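Note sheet for the following structure.
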Amino acid sequence: KGLMNGKKIAIVSENNADWAFAYYAIIVGGNVCVPMDAKLNYEDIEDQIIRCDCDALVYTAKFNKAVEEFKANPEMPNMQYFCIDDYNDFLKEGQAALDAGNKDFINAEVKPDDLACIAYTSGTTAKSKGVMLSHYNIASNCTASCRALNGRHAIGFLPLNHTYAWVSGLFSSYILTEWGYMCESIKTIQSDLKKIQPYNFSGVPLVVETIYDRIWKTA
């Protein structure tokens, strides 16, 4: 599709495996991933896309209505749109391009100091800001997560637009652990923990404190 060499590609989606596929497809091709908070209202997502001047948007069917509004907004950049639900169709197109001898994407050179992601802050104290992360930044997080976790299987429940969610959701699951389970929502943590019985997870203090308090309350 011509998206090569530093194109900025946003993802707006609830947690699912296709999010991970899109993430890696973006960054290994030398492009820049812009993960969006799926809980934001359409206006805020639109504002971040405009400020970031994105070249493409990957989304789920949940955001079909938002995409129609984005396309109708003359202030939006001229983007390509990819619905994750059509993943298999994109896979076939890509395979056809490879079979025809197009190896540009596979041969894309990615250097440690290249920009890999622009992650927006939560905007709790001021307007959200785009934080620029290099491939070296992300690789160092990946290495650190594998030093901290102990193998077997992991569970990830933080929203995937958060960089900390990548520790057990995207990094260690492929390198260190036997397999990873990705929760659809943080609301299902309790039932998911019982079902999956993970050996590893990464969570902010509030999550750990909530689990701790429930254990003592039950006891």
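General remarks:
- Evaluated over the chain, the Cα radius of gyration and Dmax, each in Å: 18.3, 63
- Over the chain: helical MRE at 222 nm, DSSP H runs n ≥ 4 each giving -39500 (n - 2.57), nearest 500: -11500 deg cm²/dmol
- For region 165-219, the share of accessible area belonging to carbon and sulfur comes to 59 percent (1.4 Å probe, ligands and nucleic acids excluded).
- Residue pairs exceeding 32 angstrom between C-alpha atoms, taken from Lys127/Lys187; Lys7/Lys187; Lys65/Lys111; Lys62/Lys111; Lys39/Lys195; Lys65/Lys217: Lys7/Lys187; Lys65/Lys111; Lys62/Lys111; Lys65/Lys217.
- In terms of its alpha-carbon gyration tensor, region 29-86 comes out rounded; the largest-to-smallest axis ratio a/c stays below the 1.5 threshold.
- Scanning residues 5 or more positions from Val32 or on other chains, those with amide H under 5 Å from its amide H are Gly6, Lys7, Lys8, Ile9, with H placed 1.01 Å from N in the peptide plane.
- Full-stretch length increase - Asn16, Asn64 - with 0.36 nm per residue and alpha-carbon distance subtracted: 15.6 nm
- Region 96-132 and region 195-212 have Cα centres lying 29 Å from one another.
- Accessible area per residue for the chain, computed on protein heavy atoms with a 1.4 Å probe, is 58 Å².
- Phi-based couplings in Hz for region 74-86 (Karplus 6.51, -1.76, 1.60; Gly and Pro marked x): x, 7, 6, x, 6, 10, 8, 10, 10, 7, 4, 4, 9
- Built amide H within the under 5 Å cut-off of Gly123, gap 5+: Lys129
- Secondary structure note: in the chain, about 20% of the DSSP beta bridges are antiparallel.
The values are calculated or read from the model by the stated rules, or taken from the named source; none is laboratory data. Just so it is clear, the structure is predicted and the values come from calculations on it, not from any experiment. Surface accessibility is based on the protein's heavy atoms, side chains included, excluding ligands, DNA and RNA. Shrake-Rupley method; radii C 1.70, N 1.55, O 1.52, S 1.80 Å.
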